[in-house]
Structure formats: C-alpha cells, structure tokens
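J.: Provided herewith is a single structure, encoded as structure tokens, for subsequent inquiry.
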Amino acid sequence: MRERRNSKPPCTKRNPLRRPPLRREVTARTLGFVAPLPELLSAMRQTSTFAFSPSLPLLSLALGLAACGATPAPGPNLTAPPSNQDQRMEWWREARFGMFLHWGLYAIPAGKWRAETNYGEWIRDSARIPLEVYDEFQPNWNPVQFDANAWAQMAADAGMKYVVITSKHHDGFCLFDSKATTWDVGNTPHRRDILRELADACRQRGIVFCTYHSIMDWHHPDYLPRRPWETDRPTAGANFDRFERYLHEQVTEVVQRYQPGVMWFDGEWESTWNHERGVRLFNLCRTLAPGMIVNNRVDVHRGGMGGFSAANEAVGDFHTPEQEIPATGLAGVDWESCMTMNTHWGFNAADGKWKSTAELVRNLIDIASKGGNYLLNVGPRADGTFPKEAVERLAQIGTWMQQNGEAIHGTTASVFDSLPFGRCTVKSGTTTKLYLHVFDWPADGKLTVPGLGSTVARAYLLAAPDTALAVGSNEAGLVVAVPNAATDAIATVVVLEIEGAPVVFRTPVITVESDSFVSGVDVVLNNRSPDVAVHYSLDGSEPSATSPPASGPVRVTNSCVLRAASVWRGTRVSAVVERTFTKVVPLPPVKVPARKEGLVVEHFAVDWQSIPDDRAGLIPKNREVVGSVGPLKNPGEHVAFVYRGYLVISQEELYRFALTSDDGSKLWIDGQVVVDHDGLHGAMTKQGAVALAPGLHAIEVAWFNRTGGAELNLQWAMPGQAFEPLSAAVTRH
Ligand code: H79
C-alpha cells in the first residue's frame, strides 16, 4: 500500500514490521545458548581480558558473570526471549552507524576482466565467467595482510557500532570454514577463518559483529535458476529443496559459531525464493538466536531497492533501502540505508568516484535525522588491506564523530519537518536535547530555528559545551546567537536543551482512508506536537484560532475542501494544508441472471511486459473456478492470469481494493479501472476505491509474471474496516 511515506493515505493494514513477533513454543532450545560449550570457552579464553567488558553481555549472561557487577552497555542479547521487539532492536537503534564489508574472491580480479574495469562482486555474472574459470580464484585467496584488529579498530575509530561482513555473497564463496562445503576459506592456502578473527576483534572493541548471507548462490549445484547465460551448467538433478537445507545448515553454522547481532540476507528476488521459504529461514534464525535481528530481505516483500512493501505477512525486523536515503525516512518502521563509499561494493581498483568525507558525514546525519541507520561499505583489497581512500575517509569521519558522536548515537528522528540550515537529531528525557546539525552556517551569526515553541533552557555548541549561547526570537522563530564562523566545515552541532517534549509548529498531516465517500468519511488531523492544536474549516475559509479545533477525527459527510493549520496560544503557527473530499454516487448493479459461486480464472502463456487492452482474443491454456484472487502457488514465468466474474454487494458503500502483485496487475469494476498496478515490478501493493450499489458488479483482474518472483493478492475493505481477501460467498461467475 505505502511504498513510501507521504505517497498515499496510510492504509488500515497492519504494518508488516510492526506485527506482533511470531509466537513460538518456548523450549529449552529456544532459550538455551546454542553454541557448544567448548566454543564458548575458547571464545572466553581469546577474550579473557574482557570477561567484565560491557561488550560481552552474551557471554556474561551465558556464564553467569552478570553477578560480577558489570553493567552491560546496549548490545545484542542473542539468548533473550523473543517476545519484545523493542528490546531486540535497542542496541541497533542506538548504534545508528555501522560498517558493511564486501569481501570475497571477487577482490582478486579487483573489478577487471579482459578489457572491462567496471566489475565488482557481481563479476562472475556480469563478465560471464564460467564456473571452472572462477574456481581458479580459490587457490589464489591469500590475504596475507588481513588484520582483523586493524579493521575493527578503523570501524571503532570512525564511530561505527557494528560491522556486517559477507559470510557468503552471490558467488557462494564462504569467508568461514564451513562443514557443508569446500567452497570456502578453509580450502585455500590462507586457511584462516576470517569470520572468527573479525568477530573476536569486534567484540574486543564493543562493536557488534554481524553477517551478510546471500540466498542467491551461483556456485551450489542445487541452486536454481542458473544465470541465463550459463547454458553449459546442466540443471538436471538440481534440487532447490536440498539447496534450502544447505542454506539452513550454513546459517546455523554462522549463528552458532559467530553469534552475529544481525543476519543480513540478500539475493532473495529470484523465482525459486518465496514467502514460505522466507518464513522458514526467519524462524530458523529466531530459534537459533531469539535476540538476533534479521533484515527484511529474508522474505520476498521488499518491493524494489527502496524496500518498503506493506505486504501484510512479510517477516523481517528492518527495511533495507540500498544506495538511497528515503526522502522523509520510512514512517513507523526500523530501517537502514546501505551505501557504498565509491560506486562499488566489492573492491574495484579503477573506481575513483569516492564520495567526499563531507558527503559521507552529511549522509549519516541526514539518515539519523530521519530515524534510520547508515551502513557504510568498504570493499577490502585481496591482500586484506582497505583501499587508502577508505582509510582516509574513515579516519576523517572519526574526527567528526569524536567531537559530535553524541549527536548521532542514541538519537531519534528530527522533530521538524525540515530546517533551512541542515538537520536535527533528538535525545529525549526530562530534558530534551535538540542537536542542530548546521550545514549552512549563518553569515550574520544568527541561527534561526523556525517553528520551535519551547523555551530553551540552554544553548551551546557541542564542541564548546561550557559557553552558553544567547537565545532570542523574532517573527521567523527562535534565534540563536552563534559565532561568526562554523567550527566544523562539515557540520557544526548546536545543542538546544529544553524541558520536556518539544513544542514544534508543524503543518498538520491529514490521514484518511479515501478522498471519496458514500455516506461519510473520518478524517484524522495531527501535527504530532504536544500543546499545539489543529484547527480546521470545511467551507473554504482560512483556518484560524476561531475555527473549530480537531479534538478527534473530523467526520466529513458532504463534498468539501477541508483546510487545517496548527494554532498555538491563539495564533496560527503553520502553513495550511487542504484536501478535497467528494461524495460519490455508487455504480448501479449489473443485471445478470443468478450465478454460481466463485470467479473464473484463465491462464495464458504470454510474455507481457504490461497488460494489453485487447485480451479478448487470447486462447487460455487452462481455466478454473476460484473463490479469491491469489495467493498463487508456483505460477511460473512468462504467464498471465485473468479473473472474471461478479462481486456480490449487499451494502451501498465505498469499497477500497488493495492489489499486491509481482509483476503487474490491474483491477476493473463494471469496466472502470479501479487499481492500475501495471508494469514490471517487484511485490508491491496499490490501492483504489469505488462506490457500489447493492447487487452484482462485474469484476476483472489481469495479472502477469515475466520472470523472477511471482505474487498476486487482492483484498477489499469497507470504510473503517480491515482489508480481507474475496471469498466464494461474495463472488459469482
Ligand atoms: O551486496 C550488494 C549487492 O551486490 C547486492 N546488494 C548489495 C548490498 C545487490 N544485488 N543485486 N543488486 C544489488 C541489484 C539488484 C537489483 C534487482 Fe531487483 C534485482 C533488480 C531486479 C531484481 C530487487 C528486486 C531490486 C528490485 C527488484
């Protein structure tokens, strides 16, 4: 439904990542520590000086050392009962900043194959390197300069609180010595267990060690599909169920041996992966380590690189926008933007397009100000060193973080919709701290903060907390007297301390199921700020302090333009928002004789990229009667389904429809397009609405899948009610 915040009115469906955690039987296994004791003891030996370290709550807990008086800092407690999502996410939300590490055999060609120099971790696929040729990299894996302590120290010095490393990327090669394959570091001249060394080095520095594990696997014989160009790799005998067992076995190895704080899946979009397999893998993770965080790519519902599909049943703990920062964050869910430092994930020797330190730090600030995490990538060289450009940038980021880390770690999203000079992060408590990250320093020494009603108890530069700054106000807002020059060219942080929750003059947000209605519609007006009221008008007049206040949902029963603004102490303090509401006349029923229950669905073998207007002449290869539109079971590729029949309407109302599909789909009622969700895309949901009079109404749904993941689901809802699938009882043919 909502691909992004601010797109459509929020639907009434539950947010996928806000769903109550899966309830599973609590057994000794789910609560017990899953690593065998010898491993634990060896971990203890290797980190014995850290027995009291706050970075080891897991060990402390498992071995009963908590009684020694150490207060554990936030960190994953992987054995914690799974019930509390806030508890599970606590360390991760505090962290805000982590390091992504893409390292594997692809670092050896360093992006170059024949004349091309633009490859990365996808090199085997992009350069079409046959398996037996790619296999030749394995004996050449010998990163003699690999120093896990140096890596972990660079992450720590940059202010990063977690590290996510590729236990396996799409090429299938494992950075740990797996019992399930020889396609791993254990079978190289180097032999050292990269993950073990890095996990230990991270824990010694209070960094949470995490792993990236690709579902897609271009090496395992049972993985399907093959790359389209791999015509000489036979698929006969390949068994994807057996691959799934291999995947589970390896994930179990990784979790039990290295106890990652996050399991970061990827490569989930091919046709063989589906929601059921995603749920099984997710449940495996929850069983192995109930406190471990799992990203949304375990399931098939990410809905494009932005990753914000509202599929009801999707599992996963956080969303994963890739190479982008969502314009206004992702409302109401945990999210992390992963981004490269240059333009490649894996090491590419020819890539000179490095982002500046200023851009990287401002990305971190921007993301934190929107309530997300920043996972910044490094692609180490084959010899085990970081590219010098990465080393420099990490050190420079560290310099900024050393001074300003307080304004990032443990903060939450800005309370302002936008600020003219930069960004804001927040630390709440009895005293709330607003961290103003100033990108554009005011030349006149006056920093204006529009829209803040709170009284500021104290203002200061984070770099000079002992010098109080004078605070005044003018008609534009609050004004802080700041030095004439910024202390930091990247971002200078000004701190405002205020008592209690901040009073902010935000423009009201209108939340409503639909802009059209039959009998009436409830409109929620909210400016998300305490002490500031929302006043509205329905007659086109300018809303002011004398207009009625919205103390609850406003019921609209006639066509009108609703206008609303925030009012504080008798004065309008925000811009006006408006929305047009239309009373619609329901479509009359169609006159057809009595019918049998269900819809007719016809299956076609076609190669659509969009739904053609002329579908009448197509010859179906199959036809059946069904009670609902989706879900589908292994529908295959290059297929289209067309559903036709009638809907039984018993109540005159506005009916909302939510159409989820991968690829495109379209819904017509009585010949009118109600949801146009056409085109090639991943699993996403789109809504539409239509007013219907009692009786029968013609319904048609067309859907197609070209290649890859396939999904279709149609749900409908009456005003104020939850979406539900169609059923045989309300369909006819
Ligand atoms: O590991 C790095 C990349 O190698 C990996 N993700 C990061 C963290 C990556 N794999 N593929 N891609 C990035 C790009 C893939 C894009 C697409 Fe799709 C896959 C386009 C169509 C299928 C996923 C599903 C994105 C849109 C729909």
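The values are calculated or read from the model by the stated rules, or taken from the named source; none is laboratory data. Note that the coordinates shown come from a computational prediction; the quantities given were computed from them, not determined experimentally. When we count neighbours, we look across all protein chains shown, and the Cβ atoms used for this are built from the backbone with ideal geometry, even at glycine.
J.: Note down all Cβ pairs under 7 Å where the first residue falls in the stretch 291-309 and is modelled with pLDDT under 75 and of a type in the set (A, V, I, L, M), the second is assigned to a loop (DSSP other than H, G, I, E, B) and more than 9 Å from the ligand (Cβ to nearest atom), and they're at least six residues apart or on different chains.
T.: MET305/PRO321; MET305/GLU324
J.: Among VAL415, VAL426, which is part of a loop (DSSP other than H, G, I, E, B) and touching a strand residue (DSSP E or B) at 6+ places or on another chain (Cβ under 8 Å)?
T.: Exactly one residue qualifies, and that residue is VAL415.
J.: Go through the stretch 707-731 and give me each residue that's over 30 Å from PRO228 (Cα atoms) and either among the hydrophobic types (A, V, I, L, M, F, W, C) or surrounded by 19 or more Cβ atoms within 10 Å (Cβ to Cβ) (or both).
T.: Matches in the stretch 707-731: LEU714, GLN715, TRP716, ALA717, MET718, ALA722, PHE723, LEU726, ALA728, ALA729, VAL730, THR731.
J.: Another one. Identify, from the list THR685, THR707, THR660, the residue that is among the β-branched types (Val, Ile, Thr) and outside any strand (DSSP E or B).
T.: Sole residue among the options that is among the β-branched types (Val, Ile, Thr) and outside any strand (DSSP E or B): THR707.
J.: Would you mind stating whether GLY206 is in the same structural domain as PHE386 (by TED's automatic domain parsing), within 30 Å of ALA358 (Cβ to Cβ), away from the ligand (no atom under 16 Å from the Cβ) and not acidic (Asp, Glu)?
T.: In short, yes.
J.: Out of HIS219, HIS213, report the one residue that is within 16 Å of the ligand (Cβ to nearest atom), in contact (Cβ under 8 Å) with a residue 40 or more places away in the chain and outside any loop (DSSP other than H, G, I, E, B).
T.: The match here is HIS213.
J.: Is it the case that some residue within the stretch 248-266 is within 16 Å of the ligand (Cβ to nearest atom), of a type in the set (A, V, I, L, M, F, W, C) and in contact (Cβ under 8 Å) with a residue 60 or more places away in the chain?
T.: yes
J.: Spot the failing condition for VAL333; the list is (1) under 13 Å from the mean Cα position of the chain (by Cα); (2) within 16 Å of the ligand (Cβ to nearest atom); (3) part of a loop (DSSP other than H, G, I, E, B), and only one is missed.
T.: Among (1) under 13 Å from the mean Cα position of the chain (by Cα); (2) within 16 Å of the ligand (Cβ to nearest atom); (3) part of a loop (DSSP other than H, G, I, E, B), the lone unmet condition for VAL333 is (2).
J.: Which residues, counting only those in the stretch 577-603, are hydrophobic (A, V, I, L, M, F, W, C) and in contact with a Pro (Cβ under 6 Å, 6 or more places away or on another chain)?
T.: Listed by number, the list holds a single entry, VAL577.
J.: Quickly run through the stretch 82-109 and pick out the residues that are farther than 15 Å from CYS210 by Cα and over 17 Å from the mean Cα position of the chain (by Cα).
T.: Listed by number, the residues that qualify are PRO82, SER83, ASN84, GLN87, GLY104, LEU105, TYR106, ALA107, ILE108, PRO109.
J.: Take ARG196 and decide whether it is under 29 Å from the mean Cα position of the chain (by Cα), surrounded by fewer than 22 Cβ atoms within 10 Å (Cβ to Cβ) and in contact (Cβ under 8 Å) with a residue 24 or more places away in the chain.
T.: So ARG196 fits the description; yes.
J.: While we're here: Scan the stretch 503-517 for residues that are under 17 Å from GLU578 (Cβ atoms) and surrounded by fewer than 23 Cβ atoms within 10 Å (Cβ to Cβ) and jot them down.
T.: ARG506, THR507, VAL509, ILE510, THR511, VAL512, SER514, ASP515, SER516 - these are the residues of the stretch 503-517 that are under 17 Å from GLU578 (Cβ atoms) and surrounded by fewer than 23 Cβ atoms within 10 Å (Cβ to Cβ).
J.: Ok, one more. Report every pair of residues separated by at least 6 positions or lying on different chains whose Cβ atoms are under 8 Å apart, first residue within the stretch 108-125 and without any contact (Cβ under 8 Å) to a residue 40 or more places away in the chain, second in a helix (DSSP H, G or I) and within 13 Å of the ligand (Cβ to nearest atom).
T.: Within 8 Å, the pairs are PRO109/ILE123; TRP113/ILE123.
J.: Collect the residues in the stretch 672-716 that are of a type in the set (Gly, Ala, Ser) and more than 16 Å from the ligand (Cβ to nearest atom), keeping them in residue-number order.
T.: Listed by number, the residues that qualify are GLY688, ALA689, ALA691, ALA693, GLY695, ALA698, ALA702.
J.: Name the one entry in ALA640, ALA683 that is modelled with pLDDT of 95 or more and crowded, with 23+ Cβ neighbours inside 10 Å.
T.: Selected residue: ALA640, the only one of ALA640, ALA683 that is modelled with pLDDT of 95 or more and crowded, with 23+ Cβ neighbours inside 10 Å.
J.: Then there's this: Check the stretch 518-525 and report whether any residue there is closer than 30 Å to PHE723 by Cα and of a type in the set (Ser, Thr, Tyr).
T.: Among the residues of the stretch 518-525, at least one is closer than 30 Å to PHE723 by Cα and of a type in the set (Ser, Thr, Tyr), which makes the answer yes.
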